[in-house]
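Enquirer: Can you keep this structure in mind? I'll have questions shortly.
The values are calculated or read from the model by the stated rules, or taken from the named source; none is laboratory data. The structure displayed is predicted, hence computed values, not measured ones. Every residue, glycine as well, gets a Cβ built from its backbone with ideal geometry; the counts of neighbours run over all protein chains shown.
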Amino acid sequence: MAEVSVTDKVIARIRVSDTRLRRALSGAIWGPVWLTWGDCSFPGEHWDDIALDIVIAMSEAILGDPGAIDEVRFPDGPFSVTIGPKNGQRIRLVMRDYVKDEKCADIETDFGKFRQSIRLSGSRILAKCQEEDWKGGRIDYLRDILRRMR
C-alpha cells in the first residue's frame with residue numbers, strides 16, 4: 001500500500017454494509033466496515049471485520065478529549081487508524097499496517113462529517129440488530145454511546 005498524505009479539504013467517512021452484517025456464535029457482529037476519502041478506501045473496500053467493535057471504538061475516540069490521540073485497531077487484520085488530535089473543525093486520521101509498521105495514509109478531514117458517518121454506521125448496525133432480534137451488552141453500549149454523540 002503506497003502512503004497517501006492529504007491535508008486539503010478531503011471528507012473521510014466510515015462505511016458499514018448493513019445488508020451483510022452477521023452474528024458469530026461468540027456474539028460478535030461481523031460485516032464489511034471500512035474508511036473512505038475521495039477515491040481511496042482503508043483497509044480496503046468492504047473489509048470484513050468486527051463492525052460493531054470498530055464503530056464503538058471510533059465513537060469513543062470522537063467523544064474523548066479533543067487533544068487526545070486514540071488508536072482503533074481492525075481486529076481481523078494488521079490495520080489501525082489513529083484518530084486525533086482535533087484541530088478546530090478538522091481531525092487527523094493516520095491509517096497504518098501495524099505489523100509492517102507502515103503508514104498507509106495520513107489525512108485531515110472535516111470533524112463533523114466524520115462524526116456524522118460514525119453515527120450513521122452505528123445506526124445501521126443497530127437497525128440490523130433490531131431486525132434480527134440480536135441483543136447483548138455491546139449492542140446496548142453502542143446505543144448509549146450514539147445517544148451521547150447527538
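Enquirer: Hey, among the residues in region 121-132 that are touching a residue at least 24 places away in the same chain (Cβ under 8 Å) and surrounded by fewer than 18 Cβ atoms within 10 Å (Cβ to Cβ), which one's farthest from L52 (Cα to Cα)?
Expert: In the first step, residues of region 121-132 are kept if they are touching a residue at least 24 places away in the same chain (Cβ under 8 Å); the result is 121-122, 124-125, 127-129, 132.
Those left that are additionally surrounded by fewer than 18 Cβ atoms within 10 Å (Cβ to Cβ): 127, 132.
On the way: A127: 12, E132: 15 Å.
The qualifying residue farthest from L52 (Cα to Cα) is E132.
Enquirer: Still on this model: Quickly run through region 63-81 and pick out the residues that are surrounded by 20 or more Cβ atoms within 10 Å (Cβ to Cβ) and either touching a helix residue (DSSP H, G or I) at 6+ places or on another chain (Cβ under 6 Å) or in a loop (DSSP other than H, G, I, E, B) (or both).
Expert: Selection gives V72 alone.
Enquirer: Here's something else I'd like to know. How do the pairs read when you match residues in region 50-75 that are farther than 13 Å from V33 by Cβ and modelled with pLDDT of 95 or more with residues anywhere that are among the acidic types (D, E) and assigned to a helix (DSSP H, G or I), using Cβ under 8 Å and keeping only pairs 6 or more apart or on different chains?
Expert: Listed pairs, sorted by first residue: D70/E60.
Enquirer: Follow-up question, since we're still on this one. Go through W34, W30 for me and flag whichever is at pLDDT 95 or above, over 23 Å from K86 (Cα atoms) and either part of a loop (DSSP other than H, G, I, E, B) or of a type outside the set (A, V, I, L, M) (or both).
Expert: Numbers: W34 fails: over 23 Å from K86 (Cα atoms).
Going through W34, W30 in turn, just one is at pLDDT 95 or above, over 23 Å from K86 (Cα atoms) and either part of a loop (DSSP other than H, G, I, E, B) or of a type outside the set (A, V, I, L, M) (or both): W30.
Enquirer: Picking from I83, I107, I54, which residue would you name as being touching a strand residue (DSSP E or B) at 6+ places or on another chain (Cβ under 6 Å), β-branched (V, I, T) and over 24 Å from G137 (Cβ atoms)? Give the steps one after another, and end with the answer.
Expert: Values: I83 fails: over 24 Å from G137 (Cβ atoms); I54 fails: over 24 Å from G137 (Cβ atoms).
So the residue among I83, I107, I54 that is touching a strand residue (DSSP E or B) at 6+ places or on another chain (Cβ under 6 Å), β-branched (V, I, T) and over 24 Å from G137 (Cβ atoms) is I107.
Enquirer: Of the residues S59, S117, only one is of a type in the set (S, T, N, Q), in contact with a Gly (Cβ under 9 Å, 6 or more places away or on another chain), assigned to a helix (DSSP H, G or I) and surrounded by 17 or more Cβ atoms within 10 Å (Cβ to Cβ); which?
Expert: Details: S117 fails: in contact with a Gly (Cβ under 9 Å, 6 or more places away or on another chain).
Answer to the selection: S59.
Enquirer: What is the residue count in region 111-150 for residues that are touching a strand residue (DSSP E or B) at 6+ places or on another chain (Cβ under 6 Å) and polar (S, T, N, Q)?
Expert: Total meeting the criteria: 2.
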